[in-house]
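A short write-up of the structure that comes next.
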Amino acid sequence: MENYNKLVERISKISKLTAEEIERKVEAKKAKLSGLISKEGAAQIVAAEMGINLDMERLKLSEIFQGMKRANVVGKIIDVLSIREYNKNGRAGKVANLRIADDSGNARVVLWDTNHIGLIEQGKIKKGDVVELVNANVRNGELHLSSFSDIKISSEQIDAVVSEKVFETGKLKDAKVGQNVRIRAIIVQAFEPRYFEVCPECKKRALEGECKTHGKVEPLKRALLNIVLDDGTSTIRSVLFGENINKLGFTDEEIFSLEKFAEKRGYLLGEERIFYGNMRNNALYNTMEFNIDNLEGIDIDALIKEIEVKV
Ligand SMILES: [Zn+2]
């Protein structure tokens, strides 16, 4: 649904027709094709028939959506996160991560092309620069640049940027991979915590006391917890880490002892919170999973206000 609404909004903006008019055209197109097409598909056809090339249109970062193959955006680099080497399934190369922002939101950019990565390494593209991305693929809410894509310095100026993550209040049944969402939900299942070790310097995974960047280190112990959330519309397997487990009422001692954790686990079931996080594709199971960034208790006063406003 999210994709469809964004699509209608974009077509409306470019065509200067109202969203209602676009939706009427989409419904008519769907009916004509005996309903054998999704609303999104019908909207794409409607756009094409009006001579609108959605691929060429520049998007705001809040308008990108999962599965786009040729997204064009302009944003300011607010962070160069990492450049690292990988060697997976016999393929070796480099991958770089940036975060760009505009006045509507922000997104992670993943560079896979050595020429693009070279621009970062040589300092030709750096934090604070405004860049134009051409032909980016959108996956998990990230903009991926391959050798068919381009990144270049833009002459545009962007002053006000949204650098905090933007969360949309949503329902689980409508959630899509890549979305940052805020969901009010109840914990209906909790598994045992799992433990792993990270490098004390870069906080990345350390396997058997060894960091890929920093070599032999005295690793820090970390915990992750899988839970299942239910918001009344659907359920989702979710994962949370470290201090977010503390926020559910567990001390570090209780988190790092399976016995102590088990004694208290039952207390979690039925607990209601507001969860903030990102919907990701779990590649192993090919299912959607909720990666929790933050959580907070239910503020009854604020909820009542929200309801009053709606009434
Ligand atoms: Zn390290």
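The values are calculated or read from the model by the stated rules, or taken from the named source; none is laboratory data. Worth saying up front: this structure is predicted, and the values here are computed from it rather than measured. Cβ sites come from the backbone with ideal geometry, for glycine too, and all protein chains shown count toward neighbours.
Return a yes/no flag: does region 143-152 have any residue that is surrounded by fewer than 15 Cβ atoms within 10 Å (Cβ to Cβ), within 16 Å of the ligand (Cβ to nearest atom) and of a type outside the set (Asp, Glu). Looking through region 143-152, none of the residues is surrounded by fewer than 15 Cβ atoms within 10 Å (Cβ to Cβ), within 16 Å of the ligand (Cβ to nearest atom) and of a type outside the set (Asp, Glu).
Evaluate region 62-70: report whether one residue or more is touching a Ser or Thr at 6+ places or on another chain (Cβ under 6 Å) and modelled with pLDDT of 95 or more. Checked against the condition, which is being touching a Ser or Thr at 6+ places or on another chain (Cβ under 6 Å) and modelled with pLDDT of 95 or more, region 62-70 yields no hits at all. The set of residues in region 184-206 being among the charged types (D, E, K, R), away from the ligand (no atom under 14 Å from the Cβ), within 20 Å of LEU258 (Cβ to Cβ) and surrounded by 14 or more Cβ atoms within 10 Å (Cβ to Cβ) is empty. Within region 207-256, the set of residues being free of Cβ contacts under 8 Å to residues at least 60 places away in the same chain, charged (D, E, K, R) and within 14 Å of the ligand (Cβ to nearest atom) comprises GLU208, GLU210, LYS216, GLU218, ARG222. Answer yes if at least one residue in region 148-166 is within 22 Å of the chain's Cα centre (by Cα) and aromatic (Phe, Trp, Tyr), and no otherwise. There is no residue in region 148-166 that is within 22 Å of the chain's Cα centre (by Cα) and aromatic (Phe, Trp, Tyr).
Counting only helices (runs of 4 or more DSSP H) that sit wholly inside region 1-61, those with at least 3 residues that are closer than 30 Å to ILE151 by Cβ are 2-15, 39-49. Residues in region 168-183 that are farther than 15 Å from LEU229 by Cβ and touching a strand residue (DSSP E or B) at 6+ places or on another chain (Cβ under 6 Å) were compared, and the one that is surrounded by the fewest Cβ atoms within 10 Å (Cβ to Cβ) is GLU168. The single condition among (1) touching a helix residue (DSSP H, G or I) at 6+ places or on another chain (Cβ under 9 Å); (2) under 30 Å from ASP174 (Cβ atoms) that ALA283 does not meet is (1). No other residue among LYS203, LYS247, LYS212, LYS264 is farther than 21 Å from GLY170 by Cα and either within 21 Å of the chain's Cα centre (by Cα) or at pLDDT 95 or above (or both) apart from LYS203. Residues considered: LYS94, LYS25. Of these, the only one that is over 30 Å from ILE158 (Cα atoms) and surrounded by 14 or more Cβ atoms within 10 Å (Cβ to Cβ) is LYS25.
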